Amino acid sequence: MANEKNYDELWDEYSGKFNKKLVFDCGSDWSKLDETEQEIAALWKLVVDTNNGGFEQFFTNWGYECYWYAMRGIQKIGDRTLLELLHGTYMNVFDKFREDTRLTYYSDIFDYLTEEDEDILRDTNIAFWEEHGERLCEEAYKYYSEKLGKPIDN
């Protein structure tokens, strides 16, 4: 299928530009991006980190703010199954740490994960890697790049 698009690559190239804008042009200040740019940059981080080290890597690297921007993006794309999977994992694993005074950094969460938490994360990661990751790249690319026509030079 020579004409089949590789959405993983298309999404990475497209969305990576918004992440670079966040980091280099905005000094990692999410408030300097518009709502759509926040979602695209957060979804880029979600895909890259979850593919690399799992949903726990995404969350502990970027925290609540980035998580919520990514969930807002998934909701707009309309991927209800992925939204429920990731939000369920967040509620069952990470939400309990929201006001935890033992934590200095998000990565400190790893010190307090239970066996049940680790099982939930393992199942979420397998589902993402096997069922959702590639589809998210395709849906996100089609929504933000093709449907919205969101240019990077906005």
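The values are calculated or read from the model by the stated rules, or taken from the named source; none is laboratory data. Every value quoted in this text rests on a predicted model; they were computed, and no experiment measured them. No Cβ is skipped: glycine too gets one built from the backbone with ideal geometry, and neighbour counts run over all protein chains shown. Side chains are part of the model used for accessible areas, which takes the heavy atoms of the whole protein and leaves out ligands, DNA and RNA. Shrake-Rupley method; radii C 1.70, N 1.55, O 1.52, S 1.80 Å.
How far is the Cα center of the stretch 112-129 from the Cα center of the stretch 12-49, in Å? Cα centres, the stretch 112-129 to the stretch 12-49: 26 Å. Along its three principal directions, the equivalent ellipsoid of the stretch 102-154 from the Cα gyration tensor extends over semi-axes of 33, 18, 5 Å, largest first.
Calculated FRET efficiency, Asp111 to His87, Cβ-Cβ distance, R0 = 35 Å: about 0.90 to the nearest 0.05. With mean projected area of the Cα convex hull in nm² as the read-out, I listed (1) 8.5; (2) 9.6; (3) 9.2; which label goes with the value calculated from this structure? Only one option fits the structure, namely (2).
Working from label points 7 Å from Cα in the Cα-to-Cβ sense, the Asn52 to Arg102 distance is 2.7 nm.
With r defined as the distance between the Cβ atoms of Trp129 and Tyr64 and R0 fixed at 25 Å, what FRET efficiency is calculated, to the nearest 0.05? Before the final figure, lay out each step's value.
Values: r = 23 Å, r/R0 = 0.94.
So, using R0 = 25 Å, E works out to roughly 0.60.
The residues of the chain expose, per residue, 55 Å² of accessible area to a 1.4 Å probe.
Exposed loop sites are taken as GluC sites (Glu not before Pro) in a DSSP loop (any state but H, G, I, E or B) with at most 14 other beta carbon atoms within 10 Å; the longest stretch of the chain without one runs 5-98.
If I take R0 = 22 Å and measure r between the Cβ atoms of Asp34 and Arg80 in this structure, what FRET efficiency does the formula 1/(1 + (r/R0)^6) give, to the nearest 0.05?
E(calc), rounded to 0.05, equals 0.35.
In this simple spin-label model, placing a label point 7 Å from the Cα along the Cα-to-Cβ direction at both Val23 and Asp95 gives a separation of 3.2 nm.
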